1. Kindly state, to the nearest 0.05, the FRET efficiency for Ile192 paired with Tyr306, given R0 = 22 Å and r defined as their beta-carbon distance.
2. Roughly what % of Cα-Cα distances in region 193-294 sit above 16 Å, to the whole percent?
3. Could you state how much accessible area Lys363 has, in square angstrom rounded to the nearest 10, with a 1.4 Å probe and all protein chains kept in place?
4. Does region 122-271 classify as rounded, prolate or oblate by the C-alpha gyration tensor (a ≥ b ≥ c root eigenvalues; a/c under 1.5 gives rounded; else a/b over b/c gives prolate, otherwise oblate)?
5. Between Ser351 and Trp325, how high is the FRET efficiency from 1/(1 + (r/R0)^6) when r is the Cβ-Cβ distance and R₀ = 45 Å? Nearest 0.05.
6. Measure out, as a whole number of angstrom, how far apart the alpha-carbon centroids of region 248-303 and region 135-214 sit.
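The values are calculated or read from the model by the stated rules, or taken from the named source; none is laboratory data. Every value quoted in this text rests on a predicted model; they were computed, and no experiment measured them. Because the Cβ atoms are built from the backbone with ideal geometry, glycine has one as well, and the counts that use them run over all protein chains shown. Quick note on the areas: whole protein, heavy atoms, side chains included, nothing else; ligands and nucleic acids left out. Shrake-Rupley method; radii C 1.70, N 1.55, O 1.52, S 1.80 Å.
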Amino acid sequence: SLSLSLSLLSLFLFLFSFSLSLSLSLSPLSSLSLSLSLSLSLSFSLSLSSLSLSLSLSLSLSLFLFLSLSLSLSLSLSLFLSLSLSLSLSLSFSFSLSFSLSLSFSLSFSLSLILSDGYISGYMGFYLKKGEPHLSAAYAVMMNYWEGVLHFLLFLIIIHRMFRGKSYRSLALFWAGSSIAHQIVFIPGVVIGKYGSNIHPAFWRNTPFLLLPIWGAILLFSRERELPIIPADKIAVAQERSLLYRPVDLILSLLLLGAMAFSVFRGVVALDCPLDTCFTYIYQYEPYLKDPVVFPRITMLVYLFYALPLLAAFIYGLRNPGCTWMLDWAIFFAGAIAQTQWCHIGGSLHSRTPFTYRVPTDKWSTVMILNGLYVAVPILLAIRCRLSPTFFMPTVPEGQTSPEKKDN
C-alpha cells in the first residue's frame with residue numbers, strides 16, 4: 001500500500017541521510033536533525049495528502065537549519081518555504097505573507113525555547129549573549145513555550161483545515177489576539193526594563209511581528225463572517241428574553257464585572273498606588289509585579305487600558321441583542337488574555353525569577369485562583385458565543401416572524 005511504501009522510503013531516507021551527514025563530518029546533532037527532518041517529512045506529506053512531497057521536504061529542511069545553522073539563515077529559508085506553501089494553497093498574497101512570516105517567527109521561537117530554558121547547554125549560547133539576552137528572562141521563557149508549542153500546533157491545524165477546505169477564521173483570530181498581546185507587552189518590556197541598556201540589532205526583528213498580526217487581524221475583521229442559518233422565530237424568541245432570564249449570560253456578565261474590577265485593581269497596583277490594600281497585595285500576594293524586567297507591570301497596564309474597555313463592551317453585548325461583532329471579538333480577546341496570563345503566571349513561578357519576586361507559598365492558592373478565573377472568563381465567553389450564537393444574530397425586523405409573513 002501507499003502508506004507502507006512511504007514508511008519504508010522514510011526509513012531508508014533516514015538511514016541514508018544520517019550516514020551521508022556523518023561522512024561529511026557534520027556533528028552528530030546536525031546529522032540526527034537532518035535525518036529526522038527528512039524522514040518525518042514523508043509522514044507529514046502522508047497526513048496532508050494534498051501537500052506535494054517537495055514542499056514537505058523543503059519544510060523539513062528548514063527545521064534542520066533551525067537546529068544546525070544560523071538563526072537568520074534558517075528564518076529566511078523557512079519564511080520563503082512557508083510563503084510558497086501558503087501561496088500554493090491559492091490564498092491571497094497579503095494573507096499569505098502575514099501567515100508565512102508568523103509561521104517563521106513561531107519556528108524561531110521553537111529554537112529560542114530550546115536555548116533559553118537550557119535544554120541544550122551551551123548550544124548557540126552566543127545568541128543569548130550577543131543577540132537577545134532578554135530571552136533568558138522567566139517571562140520570555142514562558143513566552144517561547146507558548147509561541148514554539150501552541151502557536152506552532154495552531155499553524156499546523158490551520159494548514160490542515162486549509163487543505164480540507166474548512167474555515168479557519170476562529171483559529172486565526174485566536175492566533176492574532178495572542179500574537180498582538182504578546183508583542184505589545186514584550187517589546188516595551190525589553191526597551192524600558194532592565195534589558196533596555198543591552199539591546200542588540202537582533203531585537204528589532206520583533207517589530208515586524210507586531211505589525212504583521214495587526215495586519216492579519218485587520219484582514220480577518222474586514223471579511224464578513226459566515227453566520228449560521230437560524231430560523232427567524234428562534235432568533236426573535238432568544239432576543240426577547242432579558243438578561244435575568246438567561247442565567248448563563250447573567251453569570252458571565254457578573255464574572256466580566258469581576259474581571260473589570262480585578263483589572264482596575266492590579267492596574268493601580270502596577271502604578272504604585274499608595275493605598276494599604278495595594279501595598280499589601282504587591283508585597284504579600286504578587287511581588288512579581290515589582291520584578292525589574294517590568295513585563296508583569298506592563299501586562300497589568302495593558303489590562304487596564306485595553307482589556308478593561310473590551311470587558312465593558314462584552315457586558316453590553318450580552319445585554320443587548322444583535323451584537324454580531326461579539327462572535328469575532330470574544331475569540332480574539334480570549335487569545336490575548338490566554339497568552340498574557342500564561343506568561344504572567346508561569347513567569348511568577350519559574351525558577352529564573354528571583355525568589356523574592358515569586359508568589360509566596362502561603363498565598364499560592366489564592367493567587368492561582370484569581371489568575372485562573374481571570375483567564376477562564378474570556379475563554380468561557382468565547383465558548384458561549386461559539387456554541388450558541390442565536391442571541392447575537394442580526395435583529396429580526398418587527399413583523400417578519402408573524403404567521404401572515406410565514407404564510408406568504
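1. Details: r = 18 Å, r/R0 = 0.80.
The pair Ile192/Tyr306 has a calculated efficiency of 0.80.
2. Values: 4049 of 5151 pairs.
Tail fraction, whole percent: 79.
3. 40
4. Numbers: a/c = 2.96, a/b = 1.62, b/c = 1.83.
Taking the square roots of the gyration eigenvalues as a ≥ b ≥ c, region 122-271 is oblate.
5. Details: r = 42 Å, r/R0 = 0.94.
Working from the Cβ atoms, E equals 0.60.
6. 23
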